[in-house]
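Here is the structure we will look at, set down as structure tokens.
Just so you know, all these numbers are worked out from the coordinates, no wet-lab data involved. Just so we're clear, the structure is a prediction, and the values are computed from it rather than from any experiment. Ideal geometry is used to build each Cβ from the backbone, glycine not excepted, and the neighbour counts take in all protein chains shown.
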Amino acid sequence: MLKEISIGSNKAVIETKGAELKSLIINGREIMWCSDPAFWGKSSPILFPAIGNVKNNETEIYGRKIKLTKHGFARDNEFEVSKADQQNAVFTKDFKAEETGFPFDCRLSLSYVIYSDRLEINYAVTNLSDKDMPFCLGGHPAIACNNLDNCTIEFSHKETASTPVMNLNNRMFESGNRIERLVASDTLSLNYDMFDNDVVYFDDIVSDGVTFKENGKTLARISWKGFTSLGLWTPAGKRAGFLCIEPWCSSDDYDNDNGIFADKKGIQIAKPDETKNYTMIISAE
């Protein structure tokens, strides 16, 4: 089911499956990718409680081996619209350990609020279990463009940053193999070839926002609170008309990780009955 929120001519459309943003029109312009399955049939899936891959789809939690598939299970579940008005909609799903295999009862809520110049998305993760709950959380919005070879990403701060290379055989980041991307600079020039090894993952940056431009024109600005790192992605070899700009907490496993979920880089911990909040803002300027 689709839920629409709006203010004036600005409109967002969210699908209850996965609480996924499908369309965002601001100032008369569609910002989101159209979900063409020939390239990638999604537009903004939620990544929870995993991001990317754990080694052999298996990780250890409190001494138990747990199966976790790529990007977790939230994106594949139907959410309830727990609150809604003209400008706001809240999507909520309670997950039971016996149903998911993830050894915690937990709740995930996404609140969408549209304004005259932006869309704000709040992610609320609640631990309904009696033990500390480690989890990953990530956004995955796909912003439409014409040709990535003509695009740039401008970071909110000057960065000196490198990104780990993904080993496509074992689907893990190589801790000792990194590509230098920025040296005291805030602007990254994009091209399709840079995604041949999957996601370009900035695991150590200070910026809390980026601006996506094509031929100098702003396509979208995405900023965040609570998220600790950033992934950029478009499918390798397809020359698709979008870039996913992904604020993350944690990521795929690295080759030197110890296999314990709570020890992953960037992992989040929610104490029993604690709710942790994260925000992503998408605007047209």
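For a quick check, take a GNM of the chain with Cα springs below 10 Å and name the residue from Glu246, Glu60, Glu98 with the largest mean-square fluctuation. Per the Cα network of the chain with a 10 Å cutoff, Glu98 tops the list. Comparing Ser82, Ser162, Ser23 in a Gaussian network model of the chain, where Cα atoms under 10 Å apart are tied by springs, the biggest mean-square fluctuation is seen for Ser82. Ranked by the mean number of other Cβ atoms within 10 Å of their residues, highest first, the peptides 131-141, 43-53, 251-261, 63-73 fall in the order 43-53, 131-141, 251-261, 63-73.
Sorted ascending by nearby beta carbons within 10 Å, beginning with the fewest, Phe39, Phe95, Phe104 become Phe39, Phe95, Phe104. In the chain, a dipole from Cβ-located charges (positive for Lys and Arg, negative for Asp and Glu) runs towards its positive end, and of Val54, Val200, Asn146 it is Asn146 whose Cα lies farthest in that direction.
The residues neighbouring Ser111, those whose beta-carbon lies less than 15 Å from its own, together hold a net charge of +3 under the Lys/Arg +1, Asp/Glu -1 convention. Would segment 57-162 count as rounded, prolate or oblate if I go by the C-alpha gyration tensor, calling it rounded below 1.5 in a/c and otherwise prolate when a/b exceeds b/c, oblate otherwise? Because a/c hits 1.5 or more and a/b fails to exceed b/c, segment 57-162 counts as oblate. Of the listed values [x] 0.95; [y] 0.98; [z] 1.01, grab the one calculated as Rg/Rh (Cα atoms, Kirkwood Rh) from the structure here. Calculated Rg/Rh (Cα atoms, Kirkwood Rh): the matching label is [x]. Dividing the mean sequence gap of close Cα pairs (under 8 Å, 6+ apart) by how many residues segment 2-283 holds gives a relative contact order of 21 percent. Under the convention that each Lys and Arg Cβ holds +1 and each Asp and Glu Cβ holds -1, the size of the dipole of segment 2-283 around its Cα centre is about 400 debye. Counted by Cβ distance under 11 Å from Trp233, the other residues give a net charge of -2, where Lys and Arg count +1 and Asp and Glu count -1.
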